[in-house]
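A short worksheet on the structure shown next.
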Amino acid sequence: MAEGERATEPSREVPPIADRDGSSPSAPVVESCEPKSPTPSGMRGRIAVVIGLLLAATLLYIGLFALFHRHQPAVESVFGATGSEPPLDLTLNVLSVDPVREVVNVRLEVVEPSESRLWHTLNSADVRGFVIRVDDRYLTFQVVAEASGAKSVLEIALEGSLSGYPLDRYAGRLSISASKKATEAPQPIRLTVWPYVSNWTIEMSRSDQASKTPGGIDLNIQVKRPTSFIVMAFAFYAAMALIGLSGLAIGTLVFLGVRPLQPPMTGALAAMIFSIPALRGLMPGAPPLGVHADLLVLVWVQLAVILGLSLFVITWVSRR
């Protein structure tokens, strides 16, 4: 009885379908899951894009190479004050720049020039009893020179703002004069300036305004970051923006079902979150957090990566 029931039970297999021309039935067609290879026209388009990107990168590299290897000006600048007496020789060395406090640290020193310069200067015995005044429009410093080699480290105030990083600029003015301690008669001076310091570009030029003190020297100070620092800072911010857009794109496409869910991508998105602060700390001359560039780039980039990771995790949790 069981065998008869089994025999009369209808079969669940789908019979082969005969072709329209009456030939033998064809086998069921199975669609291949292999990805389709790009068409020749699509391949040519991709090759053109790659060649265009390589040419653009080459031109950019050549432009940056020419920009970074420009002719450097002379290391020192000499400013002299007119006068009938031999001048008092001074040197001004820039030690450092503090953009947070908006000051530049300099060392002022009374020196005796080398014989190779053939300068008409004071004798070593006469370099005593002078008072050197340094004015930065905010404070006036007085340095007593009793002999050659007397020096003092001063903080010169600047005007600027660190919030404009990496395009921040600072300006200041410096007035230097000397007088005899006993008679307070003005003394002509000759100032040799060494304005070079690591990580900054400093220019000191003579002011167009006449000095308030006879025999004094007024200088304009311009401080900015080197071109290489500016280019690298923009490159770091561009890398942050690329990371943020990539994280947001991955999370959004997976959340919308356009791309398959791949759990290993969770680690990549989490690494993006921590790589952005690391890039910010590696920036050349990195200022404290809160400059305008951080508000324009860093904040929304970090939020974009966090949002992308959140969408990815929500999709993974909702899948059954």
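Summary of values
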read-out: Evaluated over segment 266-320, the Cα radius of gyration and Dmax, each in Å; value: 14.0, 50
read-out: For segment 147-219, the Rg and Dmax computed from alpha carbons only, in angstrom; value: 15.5, 49
read-out: Rg/Rh ratio calculated on Cα atoms of segment 125-284 (Kirkwood radius); value: 1.31
read-out: Scattering curve values for segment 195-244, log₁₀ I(q)/I(0), Debye with Cα scatterers, q = 0.14, 0.16, 0.29 Å⁻¹; value: -0.56, -0.63, -1.01
read-out: Projected area averaged over orientations for segment 215-320, convex hull of C-alpha atoms, nm²; value: 8.6
read-out: Over segment 221-267, equivalent-ellipsoid semi-axes from the Cα gyration tensor in Å; value: 38, 9, 6
read-out: Peptides ranked, highest mean first, by Cβ atoms within 10 Å: ranges 274-280, 188-194, 176-182, 46-52; value: 188-194, 176-182, 274-280, 46-52
read-out: Nonlocal amide H pairs with residue 89, under 5 Å, H built at 1.01 Å; value: 111, 122, 190
read-out: Backbone HN-Hα couplings from phi across segment 261-269 [Karplus 6.51/-1.76/1.60, Hz, Gly and Pro as x]; value: 7, 10, x, x, 5, 4, x, 5, 5
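All of the numbers you see were taken from the coordinates with simple rules; none came from a lab. Source: prediction; values computed, not measured. We place every Cβ from the backbone using ideal geometry, glycine too, and count neighbours over all the protein chains shown.
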